[in-house]
Structures are given as C-alpha cells and as structure tokens.
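Comments concern the structure below.
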Ligand code: SF4
C-alpha cells in the first residue's frame, strides 16, 4: 500500500476463498491492485472480512504463475512452451484419437469451486455436448456431495435453507462438525454477536473448537463425540425429542409425509437410539444428550449449522438426513432463525453443484434420466445427450487404472492433493493418455499432465460465485489474465477446435443461457445482479428478487420426508497397531490445499501443518509441543510437528491439510459415503510416534 500510494478507483468483486462469499472493493491504481477493502454494502459480509480475503490475494501476481500453454508427449518429458493454437491442436488430436479408439466413455472432465458459475457451466457443457459423455464431476464430490443428496431427499433441494442474517433471529444454534471461527470467520463473528446477545449454543465436535469457549462466548453443551459417531448422536437427540413429548406434531401433520413420520418415529424410539445406549457409542454422557435435545427443541428458534465434520464420513448423507429429520420434527424449518445450513467450504461449491457439474444431474439438480429436462438442453445445445449417469471422480480414477478411461480435462482442481488415497489417484492419472490441467500454477496433478493451459485468477474473471446461502455475487475483472485468456474462453476454444459451435462474447451470455434453461435461475442476469447487488436463488416469477429463506409454507418437494437413519459403524476402526483416530480441519490463515494462501504473506502465520493431540496421548508416547512426529495409518505415513492440547479428547488426534509436503491424504483411507462416495476424511486409525523412534 505504501509503495503503490493512493487508489484511483475501486471495483466491487467477491472473495475467492470460503463459502461466506464476502464482497470486496478492489482498490486500483492504474492496473495494480492497491488493497482489498471489505465492501459495506456486501449482503453476506456487511463490511467485514477475514485475513484471507483481506490480505491473501497476492498469489495472483506470484512468480509461480504459468503464463504460457505447455505440452509434452510423455509425463517424463520436460514441458515445452507453445502457442495457444499448438496446445489446442495437440489436445484435440489426442482427444479425437482416444474417442475413436476407446469411445466417448473414455473421456471426462472435472470442474472446480474455484471457478465461476459460468466457467463450471461451460465445462459440463463441454463434457456433455462436445465429448458426448456425462463423465463430469466437481470437487464437491470430496466435500458437500452428501449435503446435496441428503437435503434433496428430505426437503427437496440441494442447498441450505437460510440466509446468514437469519441467525439474528436464532435463539439456539446447534453447530455440528464445523469450525466457523477458522473456516467461515465472518459468519462466525455474526454468530458470536448473536450468542453474546443471549442465544444459546450446542457444539457437537470431537475437538473443543474455538466456539466451545472463547471471549464472551461459551457453549451451553459441548457434545464431544468420538469421530464417526454423528449418526447415533443425531438419532439420540431425536429420540429424546420424541421420548419426552417435545416434537411439534402440528408442524409434522401439516407439513410432512405423515406415514413416513410414523415409520421414522417407531424407528427412532427403539432402545438402540436412546441416549443411554448411544452414550456408549459416542462417548457423550446420556444426560448431556438429553439436555442438549431439550434445549434445541424448546429453546425457541433453533438453527443447525454444519460442515465437513458431517459430510466427510461413510454415513455423511445419512447424517444430513438425520439433521433434517430433527429440524422437521421440532418445526425448526421454514422461517427466520431456524433451518439446516451447510457451511460450504469453498467460494463456489454451491454454484459448481448448481451448474450441473455432477455426472447424474443437469443444471438445477435435474436428473439426466428425465426426458423433459434433456429436451431443454438438446434443443439449446443442438445435440443428443447420453441418458445414463456418468462417472464420478473416484470412478474415473478406477476406470483409468482398469484401462477404460483415458482422457481428463481438469479445470482449477488439484485432485492429487485434495482427493483421498493419493497413491491410487497417481496410478489413475499416470494410466491416462491425455491429462489436461487448466490452473494458475503447476500443481501436484500437473505432474501427471500432458497439457497445461494457464488459467485466470478471481481478479482476472468476469462472472458469478454462489455462496453458502445461495447468494449469487458478481465477480468483476480488474486485471487481464497474464496468458491473455479467461478460463471460459479456453473451454470455448477447445469446444470450437473439436468442431462444436460454442460462441459467447461475454460470461453474461453464459448466465443468460443458464437462466433460459434452469427454472431456479430464471430471473438472474448480470444486469439484475448489478441492480440488486446479489440474488439468492430461486429467483423466478414467484420470487423476482430471490429467496433468502426456503421452505416457507411448503417444502420444495411438497411434504417434508422423514428418512430412516440407522447407524452403520465405519469399517475404519482403531486397533492395537493404529490405536488413535485422526480427524482433519482448517486453520484461519490457510485455505484448503494452500495453492493460493501458501503463495501469500499468510504463510508467516502458519507455515506448516501440525498434529494436535491430548496431553495423555502425548505423554505415553514421549511427545511434547514441537516434537516432530511420524503419523502412520494402514495407507501410508507422513511427518508433522506436534501440538499438545486439551482441546483434543484422549484417543483422537487432529491435523490440518494445507501443505503438500505433509499431505494428509497420504494417510486417509479409501472409505467413503455410501450414497455419494464423498471420502471419509474424518476418521482414520493412526499411530503417532516421535520421528526417531518409529
Ligand atoms: Fe469472507 Fe471467507 Fe473470504 Fe474470509 S475467506 S474474507 S470469511 S469469503
């Protein structure tokens, strides 16, 4: 700031980190960003920000940026810088050859939450209309795919129910498997303000996260459960509600499928779901479970907020449905201050799902098997669509190692770092004949790529991101992409080179197509976004200015659907060789695989990942604060520095996952959610020893 001097103009845009979706003003002098100032009119952040959005944008100018397309025949060859045309010709020749030899099922694409709605829409369009396959997936596969499944099944739509400001009317918050202070800091501040004003708090987490006890905020109940036992806990909370006559039977009768409620009621009231039985499984005293359930059911407006500590389990989808069951049976849905709210991790994870980046769904969460929906896109795109769901990311990798999947276009994702079982991912990538990576940096996945196409950062994009509250925010370009092309232009170029007539002049035209073809986006356009500032979908004739709170009066699916949620223990168990359970999470200053934040000054706050463990586990192993420890699971081993902390419960250890040097996914397991294949990152049996004794 001091070097660049006073700004000359400001451009309003959206943070590219977490799902809060804070609005910022990029203050400019000439072509340089002087600073990022949180925007007072931003409806998600009201002028607030955290250290990532405010300070961690310098990666856009980092010398590691790749500014020229590159190709290589084999992944052992050195990269060769080439013109765009040569890179496209090389790519198209390989894709055509693979398609001719192996068929279109050998092709696929992965979109990213780092990219705009318009960019992800184009990637799935490229896969479906140009490659001719539904083999398209998004990074939500490894984070919130169970949210999509669970909320759609029970409530009718794959999204959170509330806007952030709804929390101002919450009397009780139930925070499960989320650490908002680190992962969603601006919303955490809003929660804390409400808590200081008198709202009550229940935290369910194996770790004593900041919300459990911080300045002027203390949870009424900390349900410190063992990793992998969310489902019995939510069942026991519901059991208490029914057992003690606290259900809102009027709400259930008016708003829900009553036959399914009766069946669910019988199931939940079984002894196996009682707090007294579940206490054994979860480690949470029955009295605490009962007290928390009473507070949730009788304390006024009660809202559930949850994160990856819910979804990244073998029963992630079951748990999402369990939370919806609890909210419905207490009438805590369909008005301000209540609801079931996923705290989406990434800036545009909601949007990438909305835009049809799933192998079974077209934009707007409509199943590919629906002829009426396919008709819309076949007419719009001028093609015949495949009627069968395509491959998910793990299926693509399995098919690659099996020899039937050969070409992958990855936009803005580093699957070799962010997906589980890295050795298997590497084997899959190395078995492919054409891996195309479009990104800012030569990431880990690019080490297996044949084509590298230089992408654009959020400061170089025009488009939209959709945050955790379904709010569509504008992203505005303040600088030119160093390689001269936006991500949407690269996808469009590839489509054209492959012979498909894709011709947009600006990302706004892509959004116009989304609005034309997707009922929930009918009223969305760049023009309206500029007028209104932002819009929460659904936005259509019925809701011309958007929808802050969903399911008012009626659920999107009509009647709310109670789902049975039997507990099935994960196959990952602590044992004599690996007696501790590892769980994972984020820290405030770093972000996900760290590709962005590690290339900023935020590195000075946290320059490495660590392992947190309880003093009793540390003492028995001769570990102190700062000891370098080896962490081994049956999948592999990594090295981390130890932090000894009372935040942990005995028998449970915790690590962050922001640095490739200590790649947590070397040790995470192959288990995943039964419905969506979201990896079970939150339960890994490990042993920990000081490095010199292992
Ligand atoms: Fe806001 Fe999240 Fe960005 Fe922080 S990281 S500024 S909370 S959007």
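Where a number appears in this text, it was derived from the coordinates with a stated rule and is not lab data. Since the structure is predicted, the reported quantities are computational estimates derived from the model, not experimental observations. In this analysis, Cβ positions are derived from the backbone assuming ideal geometry, glycine residues included, and neighbour counts consider all displayed protein chains.
Numerical summary
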{"read-out": "Approximate shape of segment 149-342 as ellipsoid semi-axes (Cα gyration tensor, √5λ), whole Å, largest first", "value": "23, 19, 16"}
{"read-out": "Rg to Rh, two decimals, where the chain supplies the alpha carbon set and Rh follows Kirkwood", "value": "0.95"}
{"read-out": "Cα convex hull of segment 60-166, projected area averaged across orientations, nm²", "value": "10.8 nm²"}
{"read-out": "Fraction of beta bridges assigned by DSSP in the chain that are antiparallel (%, nearest 5)", "value": "50 percent"}
{"read-out": "FRET efficiency estimate (nearest 0.05) - Cβ-Cβ, residue 552 to residue 196, R0 30 angstrom", "value": "0.60"}
{"read-out": "Footprinting exposure proxy for 166, 68, 23 (fewest neighbouring C-beta atoms within 10 Å first)", "value": "68, 166, 23"}
{"read-out": "Distance in nm between pseudo-label sites at residue 77 and residue 634 (7 Å out along the Cβ direction from Cα)", "value": "4.2 nm"}
{"read-out": "Burial order of peptide ranges 361-368, 527-534 (average beta-carbon count within 10 Å, highest first)", "value": "361-368, 527-534"}
{"read-out": "Percentage relative contact order, the chain, counting C-alpha pairs under 8 Å, at least six apart", "value": "20 percent"}
{"read-out": "Antiparallel DSSP beta bridges within segment 408-475, as percent of all bridges there, nearest 5", "value": "35 percent"}
{"read-out": "Where labels lie 7 Å past Cα in the beta-carbon direction, separation of residue 625 and residue 423 in nm", "value": "3.6 nm"}
{"read-out": "Separation of alpha-carbon centers, segment 336-369 and segment 446-481, rounded to whole Å", "value": "18 Å"}
{"read-out": "Bridge type composition, segment 149-342 - antiparallel percent by DSSP, nearest 5", "value": "10 percent"}
{"read-out": "Cβ crowding within 10 Å averaged over residues, with 376-382, 478-484 ranked highest first", "value": "478-484, 376-382"}
{"read-out": "For segment 149-252, fraction of C-alpha pairs farther apart than 16 Å, in %", "value": "66 percent"}
{"read-out": "Descending principal axes extents, segment 341-447, alpha-carbon based, whole Å", "value": "41, 37, 23"}
{"read-out": "Area projected by the alpha carbon convex hull of segment 465-569, averaged over all directions, nm²", "value": "11.7 nm²"}
{"read-out": "Peptide ranges 79-86, 53-60, 114-121 listed from the most packed, as the mean C-beta count within 10 angstrom indicates", "value": "114-121, 53-60, 79-86"}
{"read-out": "Segment 149-342: relative contact order in percent, alpha carbon pairs under 8 Å with at least 6 residues between", "value": "34 percent"}
{"read-out": "Dimensionless Rg ratio for segment 1-114, taking C-alpha atoms and the 2.2 N^0.38 Å reference", "value": "1.55"}
{"read-out": "The chain: calculated mean residue ellipticity at 222 nm from DSSP helix runs of at least 4, using -39500 (n - 2.57)", "value": "-8500 deg cm²/dmol"}
{"read-out": "Residue 398-residue 577 FRET efficiency (beta carbon distance; Förster radius 35 Å; 0.05 resolution)", "value": "0.80"}
{"read-out": "For segment 144-185 versus segment 282-317, the gap between their alpha-carbon centres in whole angstrom", "value": "13 Å"}
